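The values are calculated or read from the model by the stated rules, or taken from the named source; none is laboratory data. For clarity, every value in this text was computed on a predicted model and none was experimentally measured. Using ideal geometry, Cβ is built from the backbone for each residue, glycine included, and neighbour counts are taken over all protein chains shown. SASA here: full protein model, heavy atoms, side chains in, ligands and nucleic acids out. Shrake-Rupley method; radii C 1.70, N 1.55, O 1.52, S 1.80 Å.
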Amino acid sequence: MSLITSLDFPFPVPPKQVSTALKQGLMERCARKLKENNAVLIAHYYTDPDLQELAENTGGFVGDSLEMAKFGARHSADTLVIAGVKFMGETSKMLSPDKRVIMPTLEATCSLDIGCPEKEFREFIEQNSDRTVVVYANTSAAVKAMADWVITSSIAVDVVKHLDSLGEKILWAPDKHLGRYIQKQTGADMLLWDGHCIVHDEFKHLALRNAKQLYPNAKVLVHPESPDNVIQLADHVGSTSQLIEAARNSSAEQMIVATDKGIFYKMQQAAPEKELIIAPTTGEGATCKSCAQCPWMKMNQLNNLEMVFEQEKNEIFVSQELISKALKPLKRMVDFKK
Ligand code: 13P
Ligand code: SF4
């Protein structure tokens with residue numbers, strides 16, 4: 001079932017960069033607003049380094065999608081400020097319904113979320129009602145509400161192994177590359193939805209092979225949303241946090257990294273002496289589409305964060321009905337122990 005191609009995605013206009021002088025003032029004002037509002041900033045690794053730095057300097061958090069959800073759920077702040085894409089804000093709201101959850105922008109979506117609409121997904125489930133429904137966190141609250149399990153890439157293989165050991169057949173959505181990777185790792189019976197991430201889908205096998213020749217001692221780190229033939233060239237495959245750990249622990253001096261470039265901020269902290277090289281994508285300069293940067297993650301900027309506080313906007317709301325349905329598969333994700 002192929003619903004959408006990357007050409008169909010309405011890419012947002014890239015945000016304007018602020019000067020260093022303005023940036024310092026924005027940082028200070030945002031830090032003050034967070035404190036005055038008893039709010040904590042939780043940022044994904046793919047967001048602009050300015051936001052990651054602000055989160056670090058204000059007692060907030062930078063992490064992968066599972067860690068972000070867990071951090072928000074156990075933090076005592078009244079307000080969670082989620083710098084990431086919309087599904088991350090919705091997940092935080094569903095796990096902490098009594099907290100105010102706001103985001104620098106509500107326009108930041110995800111191609112996996114867009115590519116898995118509620119109505120079509122419901123029909124897919126109805127046609128395959130003998131299967132356990134496992135969905136990736138990168139989906140809407142409405143899609144999660146139809147699932148038996150919600151998972152992220154950091155626990156995907158282990159959860160599916162567990163379900164396979166119970167003899168369950170799986171319906172997987174939405175990322176076909178991640179689904180195929182899990183299927184290969186576990187041997188589980190999985191029926192895959194045909195979705196993809198427009199950023200990871202652009203990493204290229206041949207160009208990566210050439211890059212490996214150029215840097216023969218480099219290790220290749222790949223996020224499993226990448227195509228199968230790119231994963232095959234990897235020395236390490238894993239979620240964003242797992243890739244950072246691989247960079248920290250590797251004895252190699254160079255890393256070729258196939259995931260969003262935003263991860264370099266934290267990866268370089270974890271491996272300060274290593275050279276990080278972005279894996280090649282389709283096209284270059286004006287001809288590349290995402291250029292290893294999620295256009296929606298980059299919509300989170302210091303200036304729209306400041307405006308959220310000033311104008312009291314961009315709050316996430318999820319209906320009680322959806323929360324009560326999605327909470328069970330979400331809790332399974334949060335409570336899952338490898
Ligand atoms: P992680 O769960 O590894 O943080 O990935 C989220 C994501 O959106 C990857 O594109
Ligand atoms: Fe979605 Fe891909 Fe962006 Fe991650 S990088 S949020 S999967 S579009």
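Details
- Which of Asn304, Leu171, Leu243, positive extreme of dipole for the chain (C-beta unit charges): Leu243
- Selection among Val160, His75, Pro117 by position relative to the dipole of the chain gives His75 as farthest towards the positive end (Cβ unit charges, Cα centre).
- Estimated vicinal HN-Hα couplings, Hz - segment 13-21 in sequence order (Karplus 6.51, -1.76, 1.60; Gly, Pro = x): 5, x, x, 6, 7, 9, 6, 4, 5
- Pairs from Lys176/Lys337; Lys144/Lys184; Lys23/Lys261; Lys266/Lys325; Lys176/Lys331; Lys176/Lys325 whose Cα-Cα separation, in the structure shown, is over 28 Å: Lys266/Lys325
- Using heavy atoms of the protein chains and a probe of 1.4 Å, the accessible area assigned to Thr281 is about 30 Å².
- The chain: C-alpha gyration tensor shape, a/c 1.5 cut-off, then a/b vs b/c: oblate
- For Lys289, solvent-accessible area (1.4 Å; no DNA, RNA or ligand), Å²: 80 Å²
- Segment 155-222: C-alpha gyration tensor shape, a/c 1.5 cut-off, then a/b vs b/c: prolate
- Gain on full stretching of the segment that runs from Leu214 to Glu245 - 0.36 nm per residue minus C-alpha separation: 8.8 nm
- Within-15-Å neighbourhood charge of Met190 [Cβ basis; K, R +1; D, E -1]: -3
- Rolling a 1.4 Å probe over the protein heavy atoms leaves Met333 with an accessible area of roughly 0 Å².
- Heavy-atom accessible surface of segment 95-177: percent carbon and sulfur, 1.4 Å: 44 percent
- Under the convention that each Lys and Arg Cβ holds +1 and each Asp and Glu Cβ holds -1, the size of the dipole of segment 92-187 around its Cα centre is about 200 debye.
- Once the Cα-Cα distance is subtracted from the 0.36 nm per residue extended length, the Asp235 to Gln254 segment shows a gain of 5.6 nm.
- Phe317, Phe87, ranked by accessible area, largest first (probe 1.4 Å): Phe317, Phe87
- Computed lengthening from Asn38 to Ala270, 0.36 nm per intervening residue step minus Cα-Cα distance: 80.6 nm
- Approximating the spin labels as points 7 Å out from Cα along Cα→Cβ, the Glu312-to-Cys288 distance works out to 4.3 nm.
- Placing +1 on the Cβ of every Lys and Arg and -1 on the Cβ of every Asp and Glu, with nothing else charged, gives segment 154-204 a dipole about its Cα centre of roughly 120 debye.
- Cβ-Cβ FRET estimate between Arg29 and Ser319, R0 fixed at 25 Å, reported to 0.05: 0.15
- Within segment 114-157: Cβ-based charge dipole about Cα centre, in debye rounded to nearest 20 (Lys, Arg +1; Asp, Glu -1): 140 debye
- Left without a cysteine partner by the 4.7 Å Cβ rule in the chain: Cys30, Cys110, Cys116, Cys197, Cys294.
- Charge tally in the Cβ shell below 13 Å around Asp130, where Lys, Arg are +1 and Asp, Glu are -1, Asp130 excluded: -2
- Cut-off 11 Å, label 7 Å out along Cα→Cβ of Thr79, residues of segment 314-332 by amide N: 314-315
- Working from Cα pairs under 8 Å separated by at least six residues, relative contact order for segment 10-141 is 19 percent.
- Averaged per residue, the chain has 43 square angstrom of accessible surface, using a 1.4 angstrom probe with ligands and nucleic acids left out.
- Anisotropy class of segment 1-100 from Cα gyration tensor, a/c 1.5 cut: oblate
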